[in-house]
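Accompanying notes for the structure given below.
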Amino acid sequence: MPTDFTATRALFDLPEGVIYLDGNSLGPLPRAVPARLQQAATAEWGQMLITGWNKAGWMELPTKIGDRIARLIGAEAGHVVLGDTLSIKVYQALASSLEMNPDRRVILSDTGNFPSDLYMAEGLCRTLGPEYSLKTVAPEDVMDAIDDSVAVLMITEVDYRTGRRHDMAALTAKAHSVGALAVWDLAHSAGATDVDVAGGKADFAVGCTYKYLNSGPGGPAFIYVAPRHAETARPALSGWMGHEKPFAFDLDYRPGAGIERMRVGTPPVLQLAALDAALDVWDGVEIADLRARSIDLCEAFIEQVEAACPMLELATPRDAAMRGSQVSFRHPEGYAIMQALIARGVIGDFRAPDILRFGFTPLYIGLDEVAGAVKILAEIMETGAWDRPEYKTRARVT
Ligand SMILES: *Cc1c(COP(=O)(O)O)cnc(C)c1O
């Protein structure tokens, strides 16, 4: 049965009068989440107290929810776990990869990657010693830069600014052919596009849940370890929750079985409860339908903006196969234009230096919202309504 996107939309609580094109940064609130949070807080934490770890199954949440996410990213069940933030999971995946490839010293990434991934890689290299380095090349040069000096390739599949999408299977195959491992960051892919970590032969994959998976601000990240590495990868951050027997309180660390070892400390139970409820939205969703609908929405937006606003320059690849589920346009006054849009209820975001970014999320956005957003954008551009001092003061979070 084809996915019913009218039905999924009814599962979200969106404010009246808002066109929300920022689910790529922070997904909106699924209607089922507050009741689940209430239950986790009062019936579980409140009444069960510490017995909730066993009685309410808090301890299993990271892997139980991992299996739900596995379906969305093409992973084998039992190989995804939740916990920590994405930056931490990037660090773990990189450190594990370097340990598995001890004769090599180079992490290869691209200049379109999200800065936190690059910062974590730099920090890791500094800890490991001066012979380790992070090398970055332009996104289109990654394939040619994969050579036998590379220990691990670290790529974010969909570029957070431009929406450009890398070819996971092709880059991973090249990495493997020269003896390198591949870590994929799915922050802008999981829940946004068709992802196939098993088919693409990723060694590790990581991603966050507060973007397209709607877990709410500060929701935990996930990590996938390919089954072939499950019993050999060392988790780098060897916290007690990843220990073979956390409650034996042994003095030495022994990694837990398979994906369990990628856990670090106590899981964020309330955030996991929110995520679990948020994932119910996906139960009737076929990823192929999601992708087809996302392409329709993005194409319609590009076509309508280009017709109405010739002063905006498309920053996203025109070929749908080359992009994720967002569309970006460049304009030197991008920040002020976005503030003017937000003031009129069209919420996207701005990324320095000049990118207006719009995320398209078929679960709750349709062609009517696309047309509505373009109409308001066109008005702002025609009238110069963005050109006001209050739209030019930068807030702490942009
Ligand atoms: C959003 C995002 C992050 C954020 O990391 P946190 O540790 O969850 O704050 C990291 N990497 C990429 C590629 C992202 O898109």
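If only the Cβ of Lys and Arg carry +1 and only the Cβ of Asp and Glu carry -1, the dipole of the range 104-161 around its Cα centre is close to 320 debye.
Entry for the range 1-148 at q = 0.12, 0.13, 0.16, 0.21 Å⁻¹: log10 I(q)/I(0) = -0.84, -0.93, -1.12, -1.33, Debye formula applied to identical alpha-carbon scatterers, no solvent contribution. Let me test this: with uniform point scatterers at the alpha carbons of the range 246-346, what is the Debye-based log₁₀ I(q)/I(0) at q = 0.10, 0.17, 0.21 1/Å? Calculated log10 I(q)/I(0) at the listed q: -0.58, -0.96, -1.13. Between residue 16 and residue 231, the C-beta separation translates, for a Förster distance of 51 Å, into a calculated FRET efficiency of about 0.45. Among 267, 317, 102, which one shows the biggest mean-square fluctuation in a GNM of the chain, springs joining Cα atoms closer than 10 Å? It is 102. Pairwise Cα distances in the range 34-283 exceed 33 Å for 17 percent of all pairs. Kirkwood analysis of the Cα pair distances in the range 73-153 returns a hydrodynamic radius of 13.6 Å. Positive contributions from Lys and Arg (+1) and negative ones from Asp and Glu (-1), summed over other residues with Cβ under 14 Å from the Cβ of residue 279, come out at +2.
Among the trypsin sites (Lys or Arg not before Pro) in the range 1-89, those located in a DSSP loop and surrounded by at most 16 other Cβ atoms within 10 Å of their own Cβ are 31. Rounded to the nearest 500, the helix-only mean residue ellipticity at 222 nm of the chain stands at -10000 deg cm²/dmol, with each DSSP H run of n ≥ 4 adding -39,500 (n - 2.57). Put simply, the C-alpha atoms of the range 269-319 give a gyration tensor, and the ellipsoid matching it has half-axes of 34, 15, 9 Å, longest first. Please express the Cα-Cα pair-distance distribution P(r) of the range 164-241 as a list of whole percents, one per 5 Å bin, running from 0 to the bin with the greatest distance. Over the range 164-241, the share of Cα pairs per 5 Å bin runs 3, 13, 23, 22, 18, 14, 5, 1 percent. In a Gaussian network model over the chain where Cα atoms closer than 10 Å are linked, find which of 193, 232, 127 has the largest mean-square fluctuation. Highest fluctuation of the listed residues: 127. Sorting the segments 273-286, 195-208 by their mean number of nearby beta carbons within 10 angstrom, highest to lowest, gives 195-208, 273-286. Taking 85, 51, 63 as the candidate residues, the one with maximal mean-square fluctuation in a Gaussian network model of the chain, Cα springs under 10 Å, is 51.
Each reported figure results from applying straightforward, stated rules to the coordinates on display, with no laboratory input. Quick caveat: nothing in here was measured; it's all calculated off a predicted structure. Glycine also receives a Cβ, built like all others from the backbone with ideal geometry; neighbour counts cover every protein chain displayed.
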